[in-house]
Amino acid sequence: MRLILVRHGRPDEDGAETPNDPPLNEDGWRQAQATARLLGSEGITRIVTSPLRRARETAEPLAKGLRLAIETIDLWAEADRGASRYRSTETLRADGGEAWSRFLANPIGYLGGDPASFRDGVLAALDATVAKEAPTARVAVFTHGLPINIVLAHALGLDSITRFLVGYGSVTRLRHFGDERYGVASVNETGHHRWTY
């Protein structure tokens with residue numbers, strides 16, 4: 001089966017209404033639309049999202065276009081789900097300093113998660129997503145940067161989390177071979193955004 005991991009579109013980091021679970025901003029909605037155009041003709045059979053608003057909203061244009069239900073799997077959420085305010089990797093990098101150094105040393109811990117249990121949770125979400133899927137299935141999962149990195153590390157047989165920079169609205173493609181084996185077909189596809197600005 002084919003597994004398509006999509007990082008959510010750019011959220012409104014400065015939104016005051018729900019600072020811990022922000023909606024997409026204008027750029028994020030454009031990225032969601034572009035991703036829907038890219039995937040709309042690829043025979044997607046199922047759409048899965050994280051419970052966080054930025055992931056669900058990114059999935060909505062594709063779900064609407066394909067008339068598919070959106071299924072939520074809780075463990076596809078980001079490690080920051082319990083934080084009081086969302087801060088993107090890009091913002092942390094731009095701010096630099098001690099906070100960025102702490103994030104680089106332990107990104108999951110910095111965001112408030114336990115690295116081992118978070119990794120186990122993401123891999124449980126992966127297992128739940130691919131379980132009993134037909135070899136011809138094409139499943140789009142709308143999630144976050146750290147879960148995508150954990151899945152890539154797992155697929156590549158690495159013990160530590162990988163450090164792939166996955167952009168907003170990016171697409172990462174894997175093949176699942178019906179057992180514990182995965183192949184990585186692409187990482188961080190963003191070309192579909194070039195006409196959205």
**Message:** Of all residues being surrounded by fewer than 19 Cβ atoms within 10 Å (Cβ to Cβ) and small (Gly, Ala, Ser) in the range 59-70, which is farthest from Asp127 (Cα to Cα)? Just the residue, please.
**Reply:** Gly65
**Request:** Specify which of the listed residues (Ser41, Ser101, Ser117) is surrounded by fewer than 14 Cβ atoms within 10 Å (Cβ to Cβ), of a type in the set (Ser, Thr, Tyr) and over 27 Å from Ala155 (Cβ atoms).
**Result:** Ser101
**Request:** May I ask you to list the residues in the range 40-61 that are more than 15 Å from the chain's Cα centre (by Cα) and on the phi < 0 side of the Ramachandran plot?
**Result:** Gly40, Ser41, Glu42, Ile44, Thr45, Arg46, Pro61
**Asked** Out of the residues in the range 155-184 that are among the aliphatic types (A, V, I, L, M) and farther than 17 Å from Leu126 by Cα, which is modelled with the highest pLDDT?
**Response** Val166
**Item:** the range 137-163, residues that are surrounded by fewer than 16 Cβ atoms within 10 Å (Cβ to Cβ) and either closer than 20 Å to Ile70 by Cβ or touching a strand residue (DSSP E or B) at 6+ places or on another chain (Cβ under 7 Å) (or both)
**Value:** Leu156
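Determine which member of the set Gly28, Gly15 is more than 20 Å from Leu123 (Cα to Cα) and either crowded, with 19+ Cβ neighbours inside 10 Å or aliphatic (A, V, I, L, M) (or both). Write out each step before concluding.
On the way: Gly15 fails: either crowded, with 19+ Cβ neighbours inside 10 Å or aliphatic (A, V, I, L, M) (or both).
None of the other options fit; the residue is Gly28.
Do you know which of the residues in the range 1-12 that are within 18 Å of the chain's Cα centre (by Cα) and more than 17 Å from Gly65 (Cβ to Cβ) is surrounded by the most Cβ atoms within 10 Å (Cβ to Cβ)? Working first, answer last.
Going through the range 1-12, the residues within 18 Å of the chain's Cα centre (by Cα) turn out to be 2-12.
Retained after the next criterion (residues that are more than 17 Å from Gly65 (Cβ to Cβ)): 2-3, 5, 7-8, 10-12.
Values: Arg2: 19, Leu3: 23, Leu5: 25, Arg7: 26, His8: 28, Arg10: 23, Pro11: 24, Asp12: 18.
Checking each candidate, the answer is His8.
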**Item:** Failed item in (1) buried (at least 16 other Cβ atoms within 10 Å of the Cβ); (2) farther than 17 Å from Leu3 by Cβ; (3) within 16 Å of the chain's Cα centre (by Cα), with Ile73 passing the rest
**Value:** (2)
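The values are calculated or read from the model by the stated rules, or taken from the named source; none is laboratory data. Source: prediction; values computed, not measured. Glycine also receives a Cβ, built like all others from the backbone with ideal geometry; neighbour counts cover every protein chain displayed.
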